[in-house]
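Q: Here it is, the structure in full.
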Amino acid sequence: MYTIYSKPACSSCDQAKQLLEIKKQGYEYKVLGKDFDLAEFSSHSKTHRTFPLILKDGEYLGGLPDLKKDLL
């Protein structure tokens, strides 16, 4: 199961969500300010600073390029 940490009006976040839907993968989609804050975002990786931030089975995976690699 994937978790996407997103922000409003983020095209890369939308692409990640669409990719998981196409690949029929389960995911949770969280939006900054609604479902999480920056402290929670930072708790998953000390170096990741862009959106989306993606977890796989609760473990840090990376961003959209990492998700694409993982699904190949």
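Q: Just to check I understand the Karplus step: with θ = phi - 60° and J = 6.51 cos²θ - 1.76 cosθ + 1.60, what whole-Hz values come out for region 25-40, glycine and proline as x?
A: 3J(HN,Hα) across region 25-40, in whole Hz: 9, x, 7, 10, 10, 10, 10, 4, x, 10, 10, 7, 10, 5, 5, 5.
Q: Number of Lys pairs in the chain with C-alpha atoms less than 12 angstrom apart, excluding same-chain neighbours closer than eight positions? Spell out each step's value before the answer.
A: Numbers: LYS7/LYS30; LYS7/LYS34; LYS17/LYS30; LYS17/LYS68; LYS23/LYS68.
Lysine pairs meeting both conditions in the chain amount to 5.
Q: Continuing with the same structure: Could you identify which residue out of LEU20, LEU61, LEU38 has the top mean-square fluctuation in a GNM of the chain using Cα springs shorter than 10 Å?
A: Comparing LEU20, LEU61, LEU38 in a Gaussian network model of the chain, the most mobile one is LEU38.
Q: Counting alpha carbon pairs within less than 8 Å and at least 6 residues apart, what relative contact order, in whole percent, applies to the chain?
A: 39 percent
Q: Additional query: Compute the separation of the alpha-carbon centres of region 41-72 and region 12-37 and state it in Å as a whole number.
A: 11 Å
Q: Continuing with the same structure: Could you state the accessible area per residue of the chain in Å², with a 1.4 Å probe and every protein chain left in place?
A: Per residue, the chain has 62 Å² of solvent-accessible surface.
Q: A further question follows. How much of the accessible area of the chain, probe 1.4 Å, is carbon plus sulfur, in whole percent?
A: Working: 2290 of 4470 Å².
Summing carbon and sulfur atoms, their accessible area is 51 percent of the total for the chain.
Q: How big, on average over all directions, is the shadow cast by the Cα convex hull of the chain, in nm²?
A: Across all orientations, the chain yields a mean hull projection of 4.3 nm².
The values are calculated or read from the model by the stated rules, or taken from the named source; none is laboratory data. All values derive from a computational prediction rather than experimental measurement. For accessibility, only protein heavy atoms count, side chains too; no ligands or nucleic acids. Shrake-Rupley method; radii C 1.70, N 1.55, O 1.52, S 1.80 Å.
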